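Accompanying notes for the structure given below.
The values are calculated or read from the model by the stated rules, or taken from the named source; none is laboratory data. Values in this document were obtained by computation on a predicted structure and should not be read as measured data. Note: areas computed on protein heavy atoms with side chains; ligands, DNA, RNA excluded. Shrake-Rupley method; radii C 1.70, N 1.55, O 1.52, S 1.80 Å.
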Amino acid sequence: MRATLIDVAREAGVSPATVDRVLNNRSGVRSRTRQIVLETAQRLGYIGDEDATSPAVPRSAEALNLHFALPAGTNPFMKALRLELETQAKSRAGLTVHVEAIEGFDPDALARTLHSLNGKTQGVGVIALDHPTVREAIRSLSASGVKVVTIASDILHVPRIAYVGIDNRAAGRLAGFLVKRFVGKGEAKVALFAGSLAYRGHEEREMGFRHILNEEAQNLHIVEMREMLDDREKAYAEACALLDRHPDLAAIYNVGAGNTGIAKALKERGRSGDVIFVAHDVTAGTRELLLDGTLDAVIDQNPRVEAREALNILTHAIQGTAYEGHLPRLQVIFKENIPEQ
């Protein structure tokens, strides 16, 4: 089926009205936003090459070589991000992308991988564990002239050129607001699940969640915090134990992956639709859980946008050209507004 204006707006992360203004060459749109809309419309086949007035990424006679270090495992968001990086890179002339999969939540393994890229690449994107060995590896890469961006989870005090991702502290506050509104004003128990707090992004989500509950929902009491290492089987086992210990549990906020494991435990114990469940990232699994009522809300970050911006930022930095980023926005997805795939 031919792409629609709505498809272009969704993919570009803007409103349909903005797409209409760009395609009809009307004023009131920033130049960077205009570029993104034109690039997206061209990629989706909504307009032809002759209609795209300015490419989003400068072309160079020199081939560019980029590497990305992403976690291995079953996390659907990471799989989607990898697919987007590889797919988008294929549509860009003179660009080669390699994705390195890091097994486990092992900062030393990640650091070894980053060190191994010295002299082999011009730019690196990394979902970084916040650990001294990882920070030193990033400093070493940067000192050798390699451009580095962090993706989805930031790491401080390193010479990275940009962070590409959502505001994770704001995401945690948003989750707390949703839980507060869903549960209401009575005294209630809440549980937290995380992939790993070695990711600053997960730590920031937890912090934001705790802060808004302390500020605005003191009737909600966090009874447990569990790290799942983004493993659905571990998430299932921990959720089963949690529900047995707290049969009056009112809500669960899952900071990371493993949603299908938590959902399985809720369904087996007859608590699906009873316990408020808020999670992250629209995937095939979370779509199904939203539709059957197990999940109440999903806070989404767009892997397509994150991949696009990481590629654009690294490419422009290597070529020494200015670039105005267009980072992903926080979006809450309910059963009634699940986006098309």
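The order of 246, 211, 157 by accessible area, most exposed first and with a 1.4 Å probe, is 157, 211, 246.
Mean residue ellipticity at 222 nm from the helices of the chain, using -39,500 (n - 2.57) per DSSP H segment of n ≥ 4 over the full residue count, to the nearest 500 deg cm²/dmol? The partial results should precede the final answer.
Details: 12 runs with 148 residues, N = 341.
When only DSSP H runs of four or more count, the value is -13500 deg cm²/dmol.
For the chain, what % of the accessible area comes from carbon and sulfur atoms, probe 1.4 Å? In the chain, the share of accessible area belonging to carbon and sulfur is 50 percent.
Using the structure shown, list the pairs from 185/234; 79/147; 180/267 with a Cα-Cα distance above 26 Å, or answer none. Kindly include the intermediate steps, with their values, before the conclusion.
Details: 185/234 32 Å; 79/147 23 Å; 180/267 23 Å.
Table pairs above 26 Å Cα-Cα are 185/234.
Taken per residue, the accessible surface of the chain reaches 44 Å², heavy atoms only and a 1.4 Å probe.
For the chain, what does the alpha-carbon gyration tensor say about shape, rounded, prolate or oblate, given a ≥ b ≥ c as the root eigenvalues, a/c under 1.5 as rounded, and a/b over b/c as prolate?
Numbers: a/c = 2.15, a/b = 1.40, b/c = 1.54.
In terms of gyration-tensor shape, oblate.
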